[in-house]
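Reviewing the structure listed below.
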Amino acid sequence: YTQSEGYQPFSIEFDAQGNVLITEENGLAILPPALVGPPANSGAVSTYRLDPLLGRLEPISSSVPSQQTAPCWSVYTDSCLFVANVVSGTIGSYQVNNDGSVTLAEEVAGTVDISMDLFVLGDYLYA
């Protein structure tokens with residue numbers, strides 16, 4: 001058992017080295033702001049590596065803020081993690097480093113109007 005670094009883990013991806021990339025909502029943003037008034041800018045990403053001796057996940061990057069709200073779906077490609085932030089209506093991006101750590105690359109790499117999923121086909125990101 002590994003305790004999540006963030007409050008509410010949502011989606012999971014794996015990088016090229018097999019590290020685990022998890023989106024997190026660190027507020028209580030589940031419904032649109034008009035209904036709940038979620039804390040703004042409470043999204044984040046944490047990363048973990050599997051410790052084969054202990055058989056558990058060890059944190060690499062702990063809850064790196066996205067400055068957006070309600071990160072849900074994510075997709076990893078070519079050392080970049082794209083994250084769909086449903087309440088914010090944005091797509092953010094993180095640089096995924098060779099050691100599995102992440103840094104926020106762009107708070108807003110794109111915008112969307114509704115809840116979505118992301119996928120990559122060739123050189124294109126579809127939302």
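The values are calculated or read from the model by the stated rules, or taken from the named source; none is laboratory data. Values in this document were obtained by computation on a predicted structure and should not be read as measured data. All Cβ positions, even for glycine, are placed from backbone atoms using ideal geometry, and neighbour counts span all protein chains on display. Heads up: the accessible areas ignore ligands, DNA and RNA and are worked out on the full protein's heavy atoms, side chains in. Shrake-Rupley method; radii C 1.70, N 1.55, O 1.52, S 1.80 Å.
Side notes on the structure shown:
- Highest mean packing first, where packing is the average number of other Cβ atoms within 10 Å per residue, the peptides 8-17, 44-53, 62-71 line up as 62-71, 44-53, 8-17.
- Accessible surface of Leu125 - all protein chains present, 1.4 Å probe, nearest 10 Å²: 60 Å²
- For the pair Ser79 and Glu58, a Förster radius of 22 Å applied to the C-beta separation gives a FRET efficiency near 0.60, rounded to the nearest 0.05.
- Förster-model FRET efficiency, 25 Å R0, Arg49 and Tyr7, C-beta, rounded to 0.05: 0.70
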